[in-house]
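Bear in mind that the values in this text are calculations on the coordinates, not laboratory data. Since the model is a prediction, treat every value here as computed from it, not as a measurement. Cβ: placed from backbone, ideal geometry, glycine included. Neighbour counts: every protein chain shown.
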Amino acid sequence: MLAARTSAARNASRLLQRNFASVVDTAGVKVAAVDNGEPTSAVTFLVKAGSRYENKPGVAHALQNFAFKSTAKRSAIGTVREAELYGGVLSSSLSREHLALTAAFLRGDESFFVDVLSSFVTEAKFTRHELNEYVAPVCEAESTSAASNPATRALELAHGLAFRNGLGSPVLSTAHNPVTAELVEQYASSVFSKNNIAVLGTGISQEALSKLVEKSLGKLAASAAVSSTPSSYFGGETRVENYEGPQTVFIGFGATGAPTAELAVLAAHLNPQPSVKWSKGLSPISADVPVTASVQTVLLPYSDATLFGFLVQGETAADVKTAAAAAVSALKAAGSIKAEELKKAVAKAKFAAASSIEGRVGFATTLGAKVLAGAPSNLDGTLSSLDKVDTSAFSNASAALLKAKPTYVALGDVQQLPHADEVGL
Amino acid sequence: MTVFGPLGPSLAPYLRSFKGFRSALKTHADWYANLAGYRRMGLKYDDLLVEERPDVERAISRLTPRQIYDRTYRFKRASQQSILHKDLPKEEWLPAAEDVRYLKPHVEEVVKEDAERAVWDNIAVSRK
């Protein structure tokens, strides 16, 4: 009896925490950490410094690649070699809204790695020769490889059409908009301020992280948070010639305001990706999609807008036309969803939301954005709001989507690819 | 590591540290720089650095586009004067105020980086 009880208690304490225990304001910086006893630790500095906030195109991308270059404390080679000696991994990633600087390392090495991260934030040098010798070539390679991927390119074009400025500005830099070291330094000094940064740790205790952050970020300026005009949705149509990769069409629908649960359920309902291998799935789209074409639902929630859509790709323009028409008619029919279908879609959406924070990266970026926005840093709210979606709210949401002007991007053989009115929009 | 020439070790910083001696040294140095004749060809002292070395090449690549353009112009003008076996007319000589070390800081930076890389390449790691 006693043995059973102790083992139950042990099991309870072993339950993994899937949220940050608390968010502590340390010297003006939001610090959140959770320790599930992982063998390694990771610390992420999540900064509101995505392409949305940049004042010149490409500056955010250059800032991302300037990460871990020389600072007043150590040179670029010193940072890399010392991190290698500790066996840690330094990485930086950029999205439309956030810049994430991450260090993953063995337990016990946190003082060095937090120092590396914070010395980039507080005292990076942004030298002109590093921009020319290391940063610009990487930026160029990244944007070239992104441009050769039709799906990425279609989504970039769609963001430009849907939101124009702010969220519409491209994530990656282009060769036509050269960035100077001074511009990057200016941007860095505007975004690296106390109220713009959240420090997120996994596999590290809250007290240890707070102490390190207080020591290293204490002298950081607390200027006003970066501002950007609230997003508004425009929509439009564009057709771009592209000669490599599959024929691609993106059909997008935007909504402004905080991302709603209804859209997540709609995406889950229409998503033609099967849950079981070698099956076609039960989505209303999958039956009508030709074998040589594919449809993916895309749901991109941002802090004050959402872009929902279908990415249709196929070998020939005729396949793409059939598949895109199937997707649009399924969206139009989604308003009259049956209750049991809705239940299934809600379960799928809840699983997608929960599994997105399963990995370390998803955990830090999804919950980190909530920490930065001052919202409760857990998934309970998201899951309960998904539970509350009913058929009327769902059909209202899908009708509202269809009312606005769609975003339509055709990429490939523009002579053959369908126009928006030919797929039922 | 060059032993002689503008990139080699120099006594100048040591000698400059004697305050009374400094003005006498300055007069002598100015006299020597004018005598060397490179200013008469419109060149700066840093144009004389041996550039066929990886570190100096990298330092030159770090100049601003304007600095590189001006440097090339000075070289072209000087080689034309060399062909003519003539100095520039006196009003075109490089004034002493313009004879600044525009390249040396970059070379020093590159040398420092190379030295740091060598240190990291040969470091002996011990566990505490």
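Brief remarks on what is shown
- Put in order of Cβ neighbour count within 10 Å, fewest first, the listed residues B:His85, A:His98 become B:His85, A:His98.
- Ranked A:Tyr86, A:Tyr187, B:Tyr14, criterion: other C-beta atoms within 10 Å, fewest first: B:Tyr14, A:Tyr86, A:Tyr187
- Within straight-line cross-link reach of B:Lys44, aspartates and glutamates at Cα separation under 16 Å, skipping those fewer than 8 residues along the same chain: B:Asp30, B:Asp70, B:Asp87, B:Glu91, B:Glu92, B:Glu98, B:Asp99
- For region A:79-151 and region A:295-343, distance of Cα centres in Å: 36 Å
- ³J(HN,Hα), Karplus 6.51/-1.76/1.60, whole Hz, each residue of region A:350-356, x for Gly, Pro: 5, 5, 4, 5, 5, 6, 5
- Placing +1 on each Lys and Arg Cβ and -1 on each Asp and Glu Cβ, with no other charges, gives region B:37-128 a dipole about its Cα centre of roughly 80 debye.
- DSSP-assigned coil residues among trypsin sites (Lys or Arg not before Pro) in region A:343-376, each with at most 14 further Cβ atoms within 10 Å: none
- Share of pairwise Cα separations in region A:153-304, more than 22 Å, in percent: 64 percent
- Residue-wise HN-Hα couplings along region A:231-244, as the Karplus relation 6.51 cos²θ - 1.76 cosθ + 1.60 with θ = phi - 60° gives them from phi, are 5, 10, 9, 10, x, x, 10, 8, 10, 10, 5, 8, 10, 10 Hz; Gly and Pro carry x.
- Relative contact order for chain B, counting Cα pairs under 8 Å that sit 6 or more residues apart, in percent: 30 percent
- Structure-based [θ]222 nm, chain A - -39500 (n - 2.57) summed over DSSP H runs of at least 4, per residue, nearest 500: -13000 deg cm²/dmol
- Trypsin sites (Lys or Arg not before Pro) within region A:193-229: DSSP coil, no more than 15 neighbouring Cβ in 10 Å: A:Lys219
- Relative contact order for region A:236-423, counting Cα pairs under 8 Å that sit 6 or more residues apart, in percent: 38 percent
- Chain A: angle of helix A:150-163 to the longest principal axis, Cα-based, in degrees nearest 10: 90 degrees
- Sites matching GluC sites (Glu not before Pro) across region A:330-359 that sit in DSSP coil, with at most 12 neighbouring C-beta atoms within 10 Å: A:Glu358
- Taking the charge dipole of chain A about its Cα centre, with +1 at Lys and Arg Cβ atoms and -1 at Asp and Glu Cβ atoms, the residue from A:Ala268, A:Phe120, A:Val320 reaching farthest to the positive side is A:Ala268.
- Sorted by Cβ neighbour density within 10 Å, fewest at the top, the residues A:Ser377, A:Ser148, A:Ser395: A:Ser148, A:Ser395, A:Ser377
- The phi-based Karplus calculation (6.51 cos²θ - 1.76 cosθ + 1.60; θ = phi - 60°) puts the 3J(HN,Hα) values of region A:366-377 at 5, 6, x, 4, 5, 4, 5, 7, x, 7, x, 8 Hz, whole numbers, x for Gly and Pro.
- Cα extents of the protein assembly as shown along the three principal axes, largest first (Å): 97, 74, 42
- Summary value for chain A: 20 percent relative contact order, contacts being C-alpha pairs under 8 angstrom separated by 6+ residues.
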